[in-house]
Structures are given as C-alpha cells and as structure tokens.
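Written below as structure tokens is the structure these notes are about.
Only the coordinates and a few stated rules stand behind these numbers; no lab work does. Because the structure is predicted, anything quoted here is derived from the model rather than measured. Every residue, glycine among them, receives a Cβ derived from its backbone with ideal geometry; neighbour counts consider all protein chains shown.
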Amino acid sequence: MGKGKILIVEDDHALNYGVALSLGKDRVLQAHTLFEARKLLDSTVELVILDINLPDGSGLDFCRELRRSSSIPVIFLTANDMEIDIVTGLEMGADDYITKPFSLMVLRARVNAVLRRKEPEEARFEQGAFSFDFDQMLFFADGKSVSLSKTEQKLLRLLVTNRGVTLTRELLIDRIWSDGAAYVEENALSVTVRRLREKLPGIPIRTVYGVGYSFEKEE
C-alpha cells in the first residue's frame, strides 16, 4: 500500500523472519527487542507490528510511549487472547490485534486494511463524465447534478480514493457502517452499490466476485 517501512518487533526469530518474508523483506525493518525497535524507529516507518511480551519490556508500554508523540498505526501480535489484553491494547491506541497462531495471508490483509484507513481521502475527483466534490457534497454525471445519500457518499469516496485496488466487503462494511450500529443487513453493501450504479450510469465500479469491489482507473 504505502511507500514507507513496516517495523516488526517480535522476539521469536522464526516468526519475525516469516512475517518479514510475507510482507516483503525490502519493505520491513526487523527488531527482536524494544531496544532495537527504538533504534530503528524513524520517519520512514508507517506501521509497527508489535509483540506484547518482549525480553526487555512490554509492547503495551512501547505503544503508550509511541502515542505520546505519534499516530503511527500499531498492530499487536500476541499469544494472549484474554479479553482484558485485547481491550487494553486497543485503548492504548492500537489499530488492530492479532492472536497467535495466525495465517500470514490474514496478517497481510490486516496490514493493508490498516494502511488504507490511514490514507487521506480525496476531496475532489474528475474522470470522464463524472465530477465529485465530497467536501461540498456536489456530484455530477454528464453535467447533471445527482443527489447521493450519506452512505452512498461514503462508499463512493472510499472506492475513488483507493481506485485500482480491490476493497473487501468486510473492509467496506467496517468503514461505512462504523457508527456503532449493532446490526447491518447482509445485503446492505450490495444495495448501496446498486443504487450508485443506478444514479451514476456508467460509473466504473467493478464487482470482484467473492471478494468485494474496485473503482477502475481511467486508461
């Protein structure tokens, strides 16, 4: 996703190496202690993957330390799956929490999802017959003004900001219905996509079956 580095702080050398290999060795910095992590942490790091139990201290304390001066995303890796540990990590400012053992494929997906959430959303967009100003809530297709609901606007903005990238249904639902709603209809996303296509004929929203949706870039 981004162009920065990912700092992995994990004392299990085999797991540390496996995560680094999965994410791309040229993309990561590897630390096995908090001491090493502090030496490697600089402005090029855009995400920290952090174990909680480390030889020279707690990842929770390191996260607290980070949050005093930085909003850099943090994903905790830990064998602790007790609810109190999860709540503590998230309350300290962690962006995600993955318990061991885990699939490296799942880890990659979670890393990409966290990085996408940190990307600035575009305020204005023009492509072909479409012109959108998300801050002013003005939407035009073939020069004609189109009225979109707040939900439709959220979905369109996410897809436009990440054009060329397939966004999973899970990620879209989490981002669009993130207001604490206890229940979201299973077909709510599909219905919103259909309404966008009806209101904006020809909009290049592609269905990636079994995965999610993407906004196709202009050739």
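The table below gives the values:
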read-out: Assigned charges on the beta-carbon of Lys, Arg, Asp, Glu; the chain dipole about Cα centre (debye); value: 680 debye
read-out: Förster radius 35 Å - calculated FRET efficiency between Leu90 and Ser149, Cβ distance, rounded to 0.05; value: 0.70
read-out: Computed helical MRE - 222 nm, the chain, DSSP H runs ≥ 4 contributing -39500 (n - 2.57), nearest 500; value: -11500 deg cm²/dmol
read-out: Gaussian network model of the chain, springs between alpha carbon atoms under 10 Å - residue of Val146, Val74, Val160 with greatest fluctuation; value: Val146
read-out: Translational D in µm²/s for the chain (Stokes-Einstein at 25 °C, 0.890 mPa s, Kirkwood Rh from C-alpha pairs); value: 128 µm²/s
read-out: Charge tally in the Cβ shell below 11 Å around Leu107, where Lys, Arg are +1 and Asp, Glu are -1, Leu107 excluded; value: +2
read-out: P(r) histogram, all alpha-carbon pairs of region 104-172 included - 5 Å bins from 0, percent; value: 3, 15, 25, 21, 15, 10, 6, 3, 1, 0
read-out: Violating pairs (Cα-Cα greater than 24 angstrom) within the set Lys144/Lys217; Lys150/Lys199; Lys154/Lys217; Lys5/Lys217; value: Lys5/Lys217
read-out: Local net charge near Leu15, Cβ-Cβ under 11 Å (Lys/Arg +1, Asp/Glu -1); value: -3
read-out: Principal semi-axes in Å for region 124-215 [√(5λ), Cα gyration tensor, largest first]; value: 21, 15, 12
read-out: Max mean-square fluctuation residue, GNM over the chain, Cα-Cα springs under 10 Å, options Arg108, Arg206, Arg68; value: Arg68
read-out: Environment charge at Ile49 (Cβ cut-off 13 Å; Lys +1, Arg +1, Asp -1, Glu -1); value: -2
read-out: Signed unit charges on C-beta, dipole axis of the chain, positive-most listed residue Phe125, Leu158, Val191; value: Phe125
read-out: Relative contact order %, the chain, counting alpha carbon pairs below 8 Å whose residues are six or more apart; value: 13 percent
read-out: More than 25 angstrom apart: percent of Cα pairs within region 5-118; value: 10 percent
read-out: Point-charge dipole on Cβ atoms (K/R +1, D/E -1) for region 124-215, about Cα centre, debye to 20; value: 200 debye
